[in-house]
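Taking it in order: structure first as structure tokens, then the write-up.
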Amino acid sequence: MVYFDHNATSPLDAHVQQVMLPYLGSANASSRHSLGRHARQALDHAREQVAAAVGAHPSQVFFTSGGTEADNLAIQGVCAALKPSQIVVSAIEHPAVMRTALGMRRQGWQVRVAAAEADGRVSRDDVAAALQTPTGLVSVMMANNETGVLQDIASLAAMARKQGAVFHTDAVQALGKGAVNFSELAAFGVQAMSLSAHKIGGPQGAGALVLDKRVDIYPVQHGGGQEKGLRGGTENVAAIVGFGAACELLASRQPETRLGELRNAIEAGIVQLGGVVFGAEAPRLPNTSFFAFPNIDGETLVMALDRAGFAVASGSACSSDSSDPSPVLLAMGVTPELAQGAVRISLGYDNSMEEIQQFFQTLKRELSKLRQFAAIAA
Ligand code: PLP
């Protein structure tokens, strides 16, 4: 199977797996005996590795069970420390942000959804208009999981700061594929940033919220005082150790150019076959391509490609149980008919130009079969 679904989960890196194995039966990192202290040291080391990968101080890194929990903690935790006012989120947020923000309405918060432009970028004007109303929190993702489109986080954060709002960014997809530097972004006003291990060759079930110490935030999950009282629950030592090791590996990788070349080769083929690439006009992650062929159903194409040996995603893999058209594409003004055809390819370090060429041949063959069926059915 050729794997082109790294934005859903990137396979566990072999080195990371080796580093994790001795910790699978780890002692409790809160125990006072030497085994517990050994586990605690491993967590401290992982905290340093994660911090180093994102230009943060280790004391700013709070481990969670993944990106979803980091997003929930950022939104619910920051809002809990404020008097209800307005939350601003962009229309293209991952459900971990969007649904959490919408859920805050039950606690008296107003939620304003800032529009996206046709190219997949969040409308600065709409964020500025939203900020005319008193706002407690703004959350805009750094890179979109479906289109790969990158947002101008520094300038959006600066706008939020001017109005006294806390700014959170979900950097789950940006990490490992582009520059993510918390201290640089903090200078513009970013105060909270979500990360996840399984998008960068680490294990599923580990992530972090990186926090500016000046942010007032309350825990969402209460327990034994772990993570300085911000996130109760015995730490998953092996997964966190794996997250740290995966972060350290990032420094040795320079994915941008090679992945971008592979992605561009795929897209040249897609356009040649009559496809439309979403977000192609905007700055994007180098590994991601989201596209559709008019009158071809995305799910059907994904299944055909799967049978032919290629793992790709339709719509958003994060909501793959839903066959509704992608809300991200609808927010970009794509018609529901075309959005229904959306297919996403997300590359990883191990993919090769040979695989891209094989993919193109397969796509051509499968498309022509589907178009023949469509013609017979019509
Ligand atoms: N945020 C974004 C942008 C994502 O793409 C994902 C997962 O796909 C998440 C959050 C959730 O992360 P996790 O799977 O670690 O909970």
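The values are calculated or read from the model by the stated rules, or taken from the named source; none is laboratory data. Predicted model only: the values in this text are computed from it and were never measured. No Cβ is skipped: glycine too gets one built from the backbone with ideal geometry, and neighbour counts run over all protein chains shown. Heads up: the accessible areas ignore ligands, DNA and RNA and are worked out on the full protein's heavy atoms, side chains in. Shrake-Rupley method; radii C 1.70, N 1.55, O 1.52, S 1.80 Å.
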Seminar exercise, completed: Counting only protein heavy atoms with a 1.4 Å probe and every protein chain in place, the carbon and sulfur fraction of the accessible surface of the chain in whole percent equals 52
Seminar exercise, completed: Here the residues of segment 123-161 lying in the modelled label zone of Gln110, meaning backbone nitrogen under 15 Å from a point 7 Å along Cα-to-Cβ, are 127-138
Seminar exercise, completed: Under a Gaussian network model of the chain whose springs join Cα atoms within less than 10 Å, the largest fluctuation of His45, His94, His33 belongs to His33
Exercise. Quick one, what does Rg over Rh come out to for the chain if you take C-alpha atoms and the Kirkwood Rh?
Worked result: 0.99
Exercise. If you count the DSSP beta bridges with both ends in the chain, what percent of them are antiparallel, to the nearest 5?
Worked result: 50
Problem set entry | segment 276-304 residues near the modelled Met1 label - backbone nitrogen below 19 Å, point 7 Å along Cα→Cβ | 299-304
Seminar exercise, completed: Applying the gyration tensor rule to the Cα atoms of segment 71-221 (axes a ≥ b ≥ c; rounded if a/c under 1.5, else prolate if a/b exceeds b/c, else oblate), the class is rounded
Seminar exercise, completed: Diffing segment 3-15: the Karplus 3J(HN,Hα) column from phi (6.51, -1.76, 1.60, θ = phi - 60°), in whole Hz with x for Gly and Pro, holds 9, 10, 9, 5, 6, 6, 7, 8, x, 4, 5, 4, 5
Seminar exercise, completed: The ³J(HN,Hα) series, computed from each phi in segment 347-355 with the Karplus coefficients 6.51, -1.76 and 1.60 at θ = phi - 60°, rounded to the nearest Hz and given as x for glycine or proline, is 8, x, 4, 7, 6, 10, 5, 4, 5
Exercise. Taking a probe of 1.4 Å, how large is the accessible area per residue of segment 144-191, in Å²?
Worked result: 32
For this session: At 7 Å along the Cα-to-beta-carbon direction for both Ala311 and Leu330, put a label point, then send me their distance in nm to one decimal.
Result: 2.9
Exercise. Taking Cα centroids, how far is segment 152-194 from segment 33-57 in Å?
Worked result: 24
Exercise. Based on Cβ point charges of +1 for Lys and Arg and -1 for Asp and Glu, what charge dipole magnitude is obtained for segment 261-378 about its Cα centre, in debye rounded to the nearest 20?
Worked result: 260
Exercise. Which lysines, on any chain, are close to Lys177 with Cα under 26 Å apart, when same-chain ones fewer than 8 places away are left out?
Worked result: Lys199
Exercise. Given labels modelled 7 Å from the Cα in the Cβ direction, how far is it in nm from Leu35 to Gln163?
Worked result: 5.3
Problem set entry | 17 Å Cα-Cα reach of Lys213 towards lysines, excluding residues that sit fewer than 8 places from it in its own chain | Lys228
